[in-house]
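Down below is the structure, laid out as structure tokens.
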Amino acid sequence: ASKSCSCRRVNCYRRGVTPATVLETVLLLREHTRHRARPAPAMAAGMARTLLAALALLSLVAPAAAVEVCKVVDLQLVTQTGEFFLAVTFLGMGVTTVVFVLMAFKAAHEKRKFYFTTCYITAISTFSYYAMLSGQGWLITPNCRQLFYVRYVERFFTTPLILLDLGLIAGADTGMMAAVMGADMLMIFGEFMASISSGHIKWLWFVLSLMVFAPLVFVMVRGYRSLVERSHPAVVEMYSKVSWLAAITWSLYPLVFIFSEGTGDWSPNFEIMIYGVLDILSKAVFGFILLLSHEGLDRITNFKSFAPIHETPMSYGGMQGQAPVESYI
């Protein structure tokens, strides 16, 4: 009778578990095991299992004092103004992607690697902005602020592709480009961890991300530049434009982070607008400058836009099969 009563009492407490009921259950189990005749080692093992079960139940019902719940009035959410900027940036990136794809199919085979890489940059960004516009890929940070984490997923893939474009222009070796792209991914990961953290941990992650970001800027404006200076002046001019555009726009992203995800002084709507402008400049405008620099791309790929030698007619008294001087100009 005692055994059945104890079992019924335990089953009843499973419906509404509280610290008091857990303690009472432990006492009942202890009293029940005391009346049973078994050796001392077995009794000790049973008591140990009972105490471990009690601790597990207490850990489930104990209040989480460190968890803070955001009030509705404290939430910083994106409104219709922010959705408007998301829609504008989405359309801009989408149209740019379509233009780049059409340009890629018309480009020479030797130059298509630049076109396809740039197409992926704007295409991934287009998908990201569509997700944000659809209300997906976001969470509430400990600072009660809406954060589109899909933005960091997009940067994790697009910024290495931008560095790949710069490395291809500079003619860097595969190992160096892989190291630079890996460092960039590490920087984006640190920035994402900073955005979802709070207090001093947030700023520690931010500083770690900046420590990786500084060498990347140096590689863009000096490291790769030293390789480009040995190339044709058209290549040097093209690299100067795209590298400085990337370095300047990338340097503005941490400033936006400080006043938006960092301190929260800027509203989510203003944050979306600034990030949208920077994304258009660092991806779409970057791509147009790169892909419209025809002479620079020709010199990089050694592409000859003039007719082959064996198809060139004889002129200026030259010998048969010899290309005229103006065909090389």
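The values are calculated or read from the model by the stated rules, or taken from the named source; none is laboratory data. No experiment lies behind these values; they were computed from the predicted model shown. Neighbour counts run over all protein chains shown; Cβ positions are idealised from the backbone, glycine included. Side chains included, ligands, DNA and RNA excluded: accessible areas come from the protein's heavy atoms. Shrake-Rupley method; radii C 1.70, N 1.55, O 1.52, S 1.80 Å.
Odds and ends about this structure:
- Relative pair counts by distance (%), Cα atoms of region 92-142, 5 Å bins: 5, 21, 22, 16, 12, 9, 6, 5, 2, 1, 0
- Projected label points at residue 105 and residue 77, each 7 Å from Cα along the beta carbon direction, are separated by 4.3 nanometres.
- In this label model, residue 263 and residue 277 are separated by 1.8 nm, measuring between points 7 Å along each Cα→Cβ vector.
- Two-site label geometry, residue 95 and residue 173: point separation in nm, points 7 Å out along Cα→Cβ: 4.5 nm
- Residues whose amide H comes within less than 5 Å of that of residue 76, counting only those at least five positions distant or on another chain, are 145, 146 (H built at 1.01 Å from N in the peptide plane).
- Computed from the alpha carbon positions, the gyration tensor of region 75-202 leads to an equivalent ellipsoid with semi-axes of 31, 22, 7 Å, biggest first.
- Base-10 log of normalised Debye intensity for region 152-275 (one unit scatterer per alpha-carbon) at q = 0.12, 0.13 Å⁻¹: -0.48, -0.56
- Solvent exposure of residue 119, expressed as accessible area, is near 10 Å², computed with a probe of 1.4 Å over the protein chains only.
- Annotation: residue 266 carries an accessible surface of approximately 80 Å², with a 1.4 Å probe and no ligand, DNA or RNA atoms counted.
- Extension gain for residue 136-residue 222 works out to 27.1 nm (0.36 nm per residue, less the C-alpha to C-alpha distance).
- Stretching residue 204 away from residue 186 to a fully extended chain increases their span by 5.0 nm, per 0.36 nm per residue minus the current alpha-carbon distance.
- Label zone (residue 69, point 7 Å along Cα-to-C-beta; backbone nitrogen cut-off 19 Å) within region 116-160: 140-146.
- Alpha-carbon centroids, region 182-244 and region 120-148: separation in whole Å: 22 Å
- Candidate residues 288, 206: accessible-area rank, largest first, probe 1.4 Å: 288, 206
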